[in-house]
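Here's the structure, in structure tokens; my notes come after.
The values are calculated or read from the model by the stated rules, or taken from the named source; none is laboratory data. Predicted, not measured: the structure shown is a model, and the values here were computed from it. Here the Cβ positions follow ideal geometry from the backbone for every residue, glycine too, while neighbour counts run over all protein chains shown. Remember, those area values only see protein heavy atoms, side chains included, never the ligands or the DNA or RNA. Shrake-Rupley method; radii C 1.70, N 1.55, O 1.52, S 1.80 Å.
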Amino acid sequence: MINIPSPTTAIGDGFTMTLYKRGAERYEKTRHPLHFGVFHELRTPEATLHFNLNHEILRAQGHSANWPSELEWLKRTRGNDWVYYSTGGYAGTYETIGENLLTAPISFRIPTPYNEVVKATGEYYLPNVTYPSNAVLGHDPFANAAVQDLIANWPAIVERVWATAGDLPDAHQDALHQVRQKTPEALQAAAERFAAIAGGRVSVLPPDARHVDYNILPLTVADGCRYKCRFCTIKNRKPFAPRSQKEISDQLGALRDCCGQDLVNTNAVFFGEHDALSAPAEILEYAAATARETLQPETSFMQDWNCLCFGSVDGLLEASDRFFHRLNALGATVYINIGFESADQETLDTIGKPLGVEQVEAAFARMLDLNARFANIEITGNFLMDDQLPSGHYPSFLRLVRDSISAPKGKGTIYLSPLMHSNPSSKMLFTFNQLKTLSRLPTYLYLIQRL
């Protein structure tokens, strides 16, 4: 790890400021608020504000009586979106995306023997976003006036502190001065420069990005996707085309420079866009090796090194064992998320996915096999959820995630994605919880995030 200055705290008139405060070195799932990395903290009677090492607002929590919970925080992403981390009172969040032990019998178009209990560990905090993709859970913390007020007025808090900061040590005054320069307008401009490096804003992150709290660097390895599925509203319409080694190298250099001092808080890279697994093996191997050389994750404050990407059914079937052996030897944890969507032919035809059931089943079996053989690789899968899907969809899903597996497994996470993200449905959540119970693989909702 590079040399990071020791934490220093200064007390001013009604505020406390700590530079280089240490958070956790590893991303963990906990029942209490846990902050990661190295950051600067400003505490006032109104709020606690965290800034990254580039002096950009990172997290915020209000202290008023109207703030929803002392366990809940706002976080700003590199794309300049605000995310609200809620506990859901633990009950709602834990039930939906955390451990679950349901025993209710199935009643929705699924054969009745499925009533055994399967335990899966998961999340305790729900990342609520300002766009409608996660509205299926039916909760909007951004409607809270205290939350909106802090998003709008954190710069005013900084200005009030600055007005009384004349007696602070030079290092603290300098840090405050730099924070003042990172206005909302400057942050938006920085986010646009960051997005331009990869060729545009990342429209969707792999669900496995939850393992690193969605703190990733986006590296475009191949533009577009191989399939242009009719149901998909997230992927772009660009033809699938791998990037060159020079384009990849140039992106990595620009990402390193853009991160600046805060590079020490990064330990994950996303190989985009929507099917990096279908890029030539030598391109993906080059991207992984060059990312490690350029970003030097072993110098990061955050422990471990993570590589993430999307993949297609055909990409998974075409990739050689030799390729996976090389990925496994990278010294990173590699997550590859595959869009299966369904193992029912009527459903595949309905959603416009150009695959046959035999391909989906073969790719699912390959996922299980690779997960069993490669310790540093986890292949995960996405399936659709919707009240209006053909009757064969859920039974075919259970044939894969339950009937084809002899015992519960800890790898091969399954993510269920509602077709209608913006239409909350208690029936849909009930369906999800029952499917989760029956699955012999860890199963979660796909909570969409972009960058």
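Summary of computed values
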| quantity | calculated |
| --- | --- |
| Lone unmet requirement of (1) modelled with pLDDT of 55 or more; (2) closer than 29 Å to Ala209 by Cβ; (3) open to solvent by 40 Å² or more (accessible area, probe 1.4 Å) for Pro141 | (3) |
| Any hit, segment 9-28, residues being among the polar types (S, T, N, Q), open to solvent by 60 Å² or more (accessible area, probe 1.4 Å) and modelled with pLDDT of 95 or more | yes |
| Single match in Ala165, Ala175, Ala198, Ala209 (criterion: at pLDDT 95 or above and of a type outside the set (Val, Ile, Thr)) | Ala175 |
| Failed criterion for Ser391 (all others in (1) under 23 Å from Arg226 (Cβ atoms); (2) open to solvent by 10 Å² or more (accessible area, probe 1.4 Å) hold) | (1) |
| Residue list for segment 243-285, restricted to those being part of a strand (DSSP E or B) and modelled with pLDDT of 95 or more | Ala268, Val269, Phe270, Phe271 |
| Segment 29-68 - residue that is of a type in the set (Gly, Ala, Ser) and open to solvent by 30 Å² or more (accessible area, probe 1.4 Å) and, of those, farthest from Ala189 (Cα to Cα) | Ala65 |
| Flag if Glu298 is surrounded by fewer than 22 Cβ atoms within 10 Å (Cβ to Cβ), at pLDDT below 95, assigned to a helix (DSSP H, G or I) and of a type outside the set (Ser, Thr, Tyr) | yes |
| Any helices (runs of 4 or more DSSP H) falling wholly within segment 335-426 and containing at least 3 residues that are in contact (Cβ under 8 Å) with a residue 60 or more places away in the chain and farther than 19 Å from Ser312 by Cα | 393-398 |
| Residue within segment 245-261 that is open to solvent by 10 Å² or more (accessible area, probe 1.4 Å), in contact (Cβ under 8 Å) with a residue 60 or more places away in the chain and in contact with a Leu (Cβ under 7 Å, 6 or more places away or on another chain) present | yes |
| Meets criteria (in a loop (DSSP other than H, G, I, E, B) and either modelled with pLDDT under 85 or over 20 Å from Gln181 (Cβ atoms) (or both)) for Asn54 | no |
| Residue match in segment 341-356 (condition: over 18 Å from Glu285 (Cα atoms), buried (at least 16 other Cβ atoms within 10 Å of the Cβ) and among the small types (Gly, Ala, Ser)) | yes |
| All positions within segment 160-181 that are surrounded by fewer than 19 Cβ atoms within 10 Å (Cβ to Cβ) and among the β-branched types (Val, Ile, Thr) | Thr164 |
| Residue count, segment 1-37 (criterion: touching a residue at least 60 places away in the same chain (Cβ under 8 Å), closer than 26 Å to Ala156 by Cβ and part of a strand (DSSP E or B)) | 4 |
